[in-house]
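Read through the structure below, which is laid out as structure tokens, and then see the notes.
Read the figures in this text as sums done on the coordinates, not as results from a lab. Keep in mind the model is a prediction, meaning the values are calculated, not measured. No Cβ is skipped: glycine too gets one built from the backbone with ideal geometry, and neighbour counts run over all protein chains shown.
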Amino acid sequence: MPDIPIRLWSILPKITATAVLDVLVVALLIYQFVAIVRGRRAGNILSGILILVLVYLASVWLKLELLRTMLTTLAPYTAFALIVMFQSDIRRMLARIGRRRWAAFGSRVKTSESADDILQAMAQLSQKKTGSLIVVERDIGLRTFVESGVALDAVISRDLLLAIFQKDGAMHDGAVILQGDRIAAAACFLPLSTNPALMSTYGTRHRAGIGVTEEADCLSLIVSEETGSMSAAAFGEIEHNLTIEQIRDRLNRHFGERSALGRARISTEALRATSRGLSGGE
């Protein structure tokens, strides 16, 4: 009897630093995958696959040959079906892995003047209850979405942003994408969030603002057309009813205090000038 623990210990593989690293990497990948599919349609699909696996094991144990043969025949095609069904989730997971700054190269809003223009435009759009969606690129490029809209390549300015989101304008319903200190494109089409918890709560503009942040590390700034409230979305999460100072803080937090955008501060005089312009019927 005393020899049993010794024999069991000799049978077990030795724990090395490489084995520990291997386990940690696999655990990290599994955690990232679970975090992505949790609460989404993919989670329900995985539950269905797990049930089929349990049915297969039951068919083997109960010797149900017809059922076992049918499931065995379908098994080789499962991998292709999973790639088709999970293509957006796989893309999102790869984007999240490549979100680290050492693995991606992108552009930022480079000047504090550009940040002031964004914030002043947001303040005016909110007061006028003009719906808008502004997406600020970070490290992961948004070229795919830029190409879906109208190319502008113009310097960021408050007046241009306000003109784009004119209620009767042709580009009002799309998203504006900012790259560096330039407006790359307007009227861009963005992927809608597939999170079932959001489908019945938010409209198309907000779901698009959240959806693009699920696939890239950008920041979405949204103004509601119904209430004029401002929201900010990042990494698949959204915050509502923000003030212009809170929007500035989200920019600081998202892009880092060391960046030019992070150091940007919208001045009190600029906000007062915006308010005076609105009260004067601008």
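Within the range 111-158, which GluC sites (Glu not before Pro) sit in a loop by DSSP and count at most 13 neighbouring Cβ atoms inside 10 Å?
Answer in residue order: GLU147.
Just order 163-172, 66-75 by mean Cβ neighbour count inside 10 Å, highest at the front, would you?
The peptides rank, most packed first, as 163-172, 66-75.
Please find the FRET efficiency linking ARG143 to GLN87, where r is the Cβ-Cβ separation and R0 is fixed at 22 Å, and quote it to the nearest 0.05.
Computed FRET efficiency for ARG143 and GLN87 comes out at 0.70.
So how much slack lies between TYR31 and LEU54, counting 0.36 nm per residue of separation and subtracting their Cα-Cα distance, in nm?
Using 0.36 nm per residue and subtracting the Cα-Cα distance, I get 6.0 nm.
What residues have an amide H closer than 5 Å to that of ASP139, excluding those fewer than 5 places away on the same chain, when H is modeled at 1.01 Å from N in the peptide plane?
ASP217
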